[in-house]
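So the structure is just underneath, and the comments pick up after that.
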Amino acid sequence: MSLNEHQKRALRTGLPIVADALVTAQAILAAAQDLAVPEDAKPIEAAREAARESFRLVSSAHEALGLGALRRDQRIVLLEQVQRVRVALGDEDEDRDASHGDVARQIAELRLLAAQLEHAVVNVRPARPPTAVDGRG
Amino acid sequence: MIPQSSRERMAMEAAEDDARGLLGVGLPLAARAVRLTAAIAAVQASTEDPETFDRVQRLAADLIARIEAVAARHHINLGTRHVQGLVRAQVQRALDALDALLDERLRGHGALDAETDAWVRQAVAPLRESLRRLDDLARLLPEVRL
């Protein structure tokens, strides 16, 4: 049983993508738990626990394959969402003509706040290895 | 700026219409992405540097408040999506990433012998099973909209 260095690198970059999707799933479930009525809490908690377990299993697989502790850049999942915000608010170069209008001013203000958010995300300190997001929060 | 001519005024009005159109389409998408940003920051803050994640959460809260205010002013319904679809999309994404890794990316760097292939698949088998279980549980999620 042997993996060459390219294959190990593929696993080291591929498994964090699986982990990132599970962090996002945990976040959605955590937000759902905050919004749900108490009688709906149980199925959400069950799904949340399954998401945590899946995350743990990504780490376990990473180690079982002899790749050491799973390392992921936790800014990536946040930046993905921030990019969606930027796209949703449009490209400022495309609407220069409207820059004096009331609506355009509001959009410009939203873009400014989005840029500040992006800046804060970029400056999140790298995670300490190994990471194990357990979703409690 | 005061429009100098009717042509300029018409151009400005057209640009304002475009901007309103952007708000109508973009604000609901932006709102969901910002809510998710805050939720991801909250989850990650539970195990990592809480201070920097606090800042992300604060800025996300400011932005969502502003988005809601702009939406209210322009009578834009921000809309929501059932969390079941949102969670299942992430599970599918995880499964797709795993399949792409095993079936394409690994093999793209040289064929795996049968023994190694079996070893790799065995290592990720519990993960795959857990993802399927998560998908089953996601199907049972109550109607909560985000």
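I'd like the residue in segment A:40-92 that is touching a Ser or Thr at 6+ places or on another chain (Cβ under 9 Å) and hydroxyl-bearing (Ser, Thr, Tyr) and, out of all such residues, is surrounded by the most Cβ atoms within 10 Å (Cβ to Cβ). Filtering segment A:40-92 for residues that are touching a Ser or Thr at 6+ places or on another chain (Cβ under 9 Å) and hydroxyl-bearing (Ser, Thr, Tyr), the one surrounded by the most Cβ atoms within 10 Å (Cβ to Cβ) comes out as A:Ser54. The conditions are (1) at the interface with chain B (Cβ under 7 Å from one of its Cβ atoms); (2) over 22 Å from B:Gln92 (Cα atoms), and A:Val37 fails exactly one of them. Which is it? Condition (1) is where A:Val37 drops out. Do we find that A:Ala19 is more than 7 Å from chain B (Cβ to nearest Cβ), within 29 Å of B:Ala30 (Cα to Cα), under 13 Å from the mean Cα position of the chain (by Cα) and buried (at least 20 other Cβ atoms within 10 Å of the Cβ) in this structure? Yes; evaluated as a whole, the condition is true for this residue.
In segment B:101-130, which residue that is facing another protein chain (nearest Cβ under 7 Å) and loosely packed, with under 12 Cβ neighbours inside 10 Å is modelled with the lowest pLDDT?
Residue satisfying both the conditions and the ranking: B:Gly110.
The set of residues in segment A:61-82 that are of a type outside the set (A, V, I, L, M, F, W, C) and facing chain B (nearest Cβ under 7 Å) comprises A:Gln74, A:Gln81.
With respect to A:Arg9, determine if the residue is basic (Lys, Arg) and under 30 Å from B:Met12 (Cβ atoms). In short, no. Set side by side, the residues A:Asp93, A:Asp73, A:Asp97, A:Asp102 differ, and just one is of a type in the set (Asp, Glu), at pLDDT below 95 and within 24 Å of B:Thr52 (Cβ to Cβ), which is A:Asp73. Filtering segment B:21-36 to residues that are touching a residue at least 40 places away in the same chain (Cβ under 8 Å) and surrounded by fewer than 18 Cβ atoms within 10 Å (Cβ to Cβ) leaves only B:Gly24.
Residue by residue, here is whether (1) farther than 28 Å from A:Arg105 by Cα; (2) in a helix (DSSP H, G or I); (3) within 18 Å of the chain's Cα centre (by Cα) holds:
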residue	(1), (2), (3)
B:Met12	no, yes, no
B:Arg32	no, yes, yes
B:Arg35	no, yes, yes
B:Ala38	no, yes, yes
B:Ala69	no, yes, no
B:Asn77	no, no, no
B:Leu86	yes, yes, yes
B:Ala89	yes, yes, yes
B:Ala97	yes, yes, yes
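For segment B:68-99, the candidate set comprises residues that are within 9 Å of chain A (Cβ to nearest Cβ), in contact (Cβ under 8 Å) with a residue 24 or more places away in the chain and more than 30 Å from A:Arg52 (Cβ to Cβ); within that set, the residue that is surrounded by the fewest Cβ atoms within 10 Å (Cβ to Cβ) is B:His74.
Of the listed requirements (1) surrounded by fewer than 19 Cβ atoms within 10 Å (Cβ to Cβ); (2) in a helix (DSSP H, G or I), B:Leu134 misses just one: (1).
Checked against (1) facing chain A (nearest Cβ under 7 Å); (2) of a type outside the set (A, V, I, L, M, F, W, C); (3) in contact (Cβ under 8 Å) with a residue 12 or more places away in the chain, B:Arg133 meets all criteria but (3). Only residues that are at the interface with chain A (Cβ under 7 Å from one of its Cβ atoms) and surrounded by fewer than 14 Cβ atoms within 10 Å (Cβ to Cβ) were counted in segment B:48-61, giving 0.
Does B:Thr80 satisfy the condition of being within 27 Å of B:Gly21 (Cβ to Cβ) and among the hydroxyl-bearing types (Ser, Thr, Tyr)?
Against the criterion (within 27 Å of B:Gly21 (Cβ to Cβ) and among the hydroxyl-bearing types (Ser, Thr, Tyr)), B:Thr80 qualifies.
Please verify whether B:Val43 is modelled with pLDDT of 95 or more and either closer than 30 Å to A:Lys8 by Cα or facing another protein chain (nearest Cβ under 7 Å) (or both), treating the condition exactly as stated.
Criteria not met by B:Val43.
Assess whether A:Ala10 counts as being crowded, with 17+ Cβ neighbours inside 10 Å, within 19 Å of A:Glu80 (Cβ to Cβ), out of contact with any Phe, Trp or Tyr (no Cβ under 7 Å at 6 or more places or on another chain) and within 7 Å of chain B (Cβ to nearest Cβ). No. The single residue among A:Gly14, A:Gly66 that is outside any helix (DSSP H, G or I) and not acidic (Asp, Glu) turns out to be A:Gly66.
The values are calculated or read from the model by the stated rules, or taken from the named source; none is laboratory data. Remember, it's a predicted structure, so these values are computed and weren't measured experimentally. In this analysis, Cβ positions are derived from the backbone assuming ideal geometry, glycine residues included, and neighbour counts consider all displayed protein chains.
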